[in-house]
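These notes are about the structure you will find just below.
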Amino acid sequence: MNDLLYEISGWFGYLTRPLVLLQCISSALLALAYLLWLRPRLSGRGRRLELAGGGLLWLALRLNVVVLNQLGRPYGLALYFTQLFGLWLILNLLPMLAARWIPAAPAERFLSRVVRPLFLLLVVGSTINQLDSLQDVSDIPLFPFFDGPMTTGGVLLVFVVPYFLVTVAEVPMAAFGRLLQSLLNLSDSSRVALELVGRYLFIGIGMLWLLRHIGISGTALAAVAGGLSVGMGFALKELLSNFVTGLWLLVEGSVRPGEILFIDGDPCQVRRLGLRAALLWRERDNAELVIPNQDFFTKTTTTYTGSDRLRRCSVLVGAGYRHDPTEVMALLVSLASTVPGVLPDPAPRAFVLGYGDSAIQYSLRFWIADPMKNVSTCSAVNAALWQAFRERDIEIPYPQRVLHGPPAAGTAPHGDA
């Protein structure tokens with residue numbers, strides 16, 4: 001630790017040199033002029049104008065390098081700042097260039113999760129290399145760790161490698177999954193399941209490499225795992241159970257991304273099956289449900305996509321006793337076939353459920369291809385039924401109650417002479 005503090009103090013000594021300060025201050029003044037004056041005037045006027053303002057700043061930084069060179073002053077650090085900002089401009093241009101081939105949302109997500117963090121690491125590493133030797137700084141020992149000391153490079157790897165393993169693993173596994181899908185003619189849910197298993201393997205292999213690189217040998221790892229197995233077994237019992245359950249669900253295929261499950265009376269689509277829980281989407285209120293994987297083993301779950309995606313829907317309606325049930329059922333069946341979303345095969349069917357106090361109760365049952373469209377399709381069928389009954393003068397009766405007031409004064413009650 002003392003060696004690291006000594007190196008950092010040496011950096012401050014280098015930065016306080018007049019010729020170095022001249023390069024830093026001139027570049028910083030140009031950047032402040034852009035941030036405080038030019039950028040506020042360009043923000044909100046379009047992405048292209050903001051990038052054009054950044055290009056003006058790059059030209060100003062480049063002109064600063066030329067001026068320092070003409071004055072016979074050192075300009076290496078100012079040139080370094082100019083190169084970094086130019087690279088930053090190129091990274092911001094990438095989404096616009098890739099918009100023709102890649103959707104905006106995935107491109108922006110990859111840029112924010114992978115490219116920009118990598119750029120930040122590049123800035124940190126190259127800046128240290130400008131002030132010192134990056135290799136020497138990364139080899140500075142900090143504290144004892146198993147068979148050798150933990151270095152600054154090892155500490156950085158402990159924080160950086162897991163993050164990039166989780167974020168970067170998505171891209172190669174997605175490409176691998178689509179390749180297998182085209183070769184083996186797999187379904188979308190099977191492809192997503194293979195991608196998830198591949199990501200877990202990728203992350204696991206990467207973590208083993210990290211542990212070995214920072215000095216944890218196989219023997220040391222086995223000793224630590226044996227010593228912590230009992231404690232972790234109790235403390236992380238639910239987490240491990242959910243993880244194993246998630247893997248089993250992927251292999252079994254009963255719960256996969258894209259499946260439609262019936263949860264608490266509503267159809268929900270499985271968006272993601274994670275290490276601990278599954279993320280489900282409920283359409284009626286655009287809500288996301290986080291359900292532990294273990295719940296799918298301990299509770300009964302209804303799925304609409306186990307063998308196919310068909311779903312049977314039902315609409316109830318009452319008609320007056322003066323109408324012939326045969327004609328009403330024929331009307332219900334013919335009407336359902338005209339509603340968009342209702343499948344012709346299996347064909348719609350109508351049934352007489354019973355005789356109520358004021359109406360004959362009918363049930364119209366039909367099939368749809370998208371389980372998530374149950375409510376909207378039933379609403380369309382109900383609206384069509386109302387219009388068809390109105391055009392054919394078919395009565396939809398409802399119970400009525402007649403209230404009689406007290407008899408008028410001087411009127412004898414019924415039954416009195």
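Go through region 255-275 and report how many residues are touching a Phe, Trp or Tyr at 6+ places or on another chain (Cβ under 7 Å) and part of a loop (DSSP other than H, G, I, E, B).
Of the residues in region 255-275, 2 are touching a Phe, Trp or Tyr at 6+ places or on another chain (Cβ under 7 Å) and part of a loop (DSSP other than H, G, I, E, B).
When you look at Ala388, is it without any contact (Cβ under 8 Å) to a residue 24 or more places away in the chain and surrounded by 15 or more Cβ atoms within 10 Å (Cβ to Cβ), yes or no?
no
Cβ-Cβ distance below 7 Å, separation of 6 or more or different chains: which pairs start in region 16-28 with a residue that is in the same structural domain as Leu79 (by TED's automatic domain parsing) and surrounded by 11 or more Cβ atoms within 10 Å (Cβ to Cβ) and end on one that is in a helix (DSSP H, G or I) and of a type in the set (Phe, Trp, Tyr)?
Correct list of pairs: Val20/Tyr14; Ser27/Phe81.
Would you mind stating whether Val155 is in contact with a helix residue (DSSP H, G or I) (Cβ under 7 Å, 6 or more places away or on another chain) and within 28 Å of Leu120 (Cα to Cα)?
Criteria not met by Val155.
Working only within region 196-205, note down all residues that are more than 12 Å from Gly274 (Cα to Cα) and either crowded, with 17+ Cβ neighbours inside 10 Å or of a type in the set (Val, Ile, Thr) (or both).
Within region 196-205, Gly198, Phe202, Ile203, Ile205 qualify.
Out of region 203-222, which residues are modelled with pLDDT under 75 and under 35 Å from the mean Cα position of the chain (by Cα)?
Ile216, Leu221
Please go through (1) more than 18 Å from the chain's Cα centre (by Cα); (2) assigned to a helix (DSSP H, G or I); (3) not aromatic (Phe, Trp, Tyr) for Pro144 and return the number of the only condition it doesn't satisfy.
(2)
Any idea which of Val114, Val123 is under 26 Å from the mean Cα position of the chain (by Cα) and either part of a helix (DSSP H, G or I) or of a type outside the set (Val, Ile, Thr) (or both)?
Val114
Taking helices (runs of 4 or more DSSP H) that fall entirely within region 1-45, which contain at least 1 residues that are closer than 23 Å to Tyr75 by Cα and modelled with pLDDT under 75?
Ranges flagged: 2-15.
Asp295 versus (1) modelled with pLDDT of 80 or more; (2) over 30 Å from Val381 (Cβ atoms); (3) in contact with a strand residue (DSSP E or B) (Cβ under 7 Å, 6 or more places away or on another chain): which is the lone unmet condition?
Here Asp295 clears every test but (3).
What is the number of the single condition among (1) over 23 Å from Ile263 (Cα atoms); (2) at pLDDT 90 or above; (3) touching a Lys or Arg at 6+ places or on another chain (Cβ under 9 Å) that Phe366 does not meet?
Condition not satisfied by Phe366: (1).
Is it the case that some residue within region 268-285 is free of Cβ contacts under 8 Å to residues at least 12 places away in the same chain and polar (S, T, N, Q)?
Looking for residues that are free of Cβ contacts under 8 Å to residues at least 12 places away in the same chain and polar (S, T, N, Q), one finds none in region 268-285, hence no.
The values are calculated or read from the model by the stated rules, or taken from the named source; none is laboratory data. These numbers were taken from a predicted model, which means no experiment stands behind them. Cβ coordinates were reconstructed from backbone atoms using ideal geometry, including for glycine residues, and neighbour counts include every protein chain displayed.
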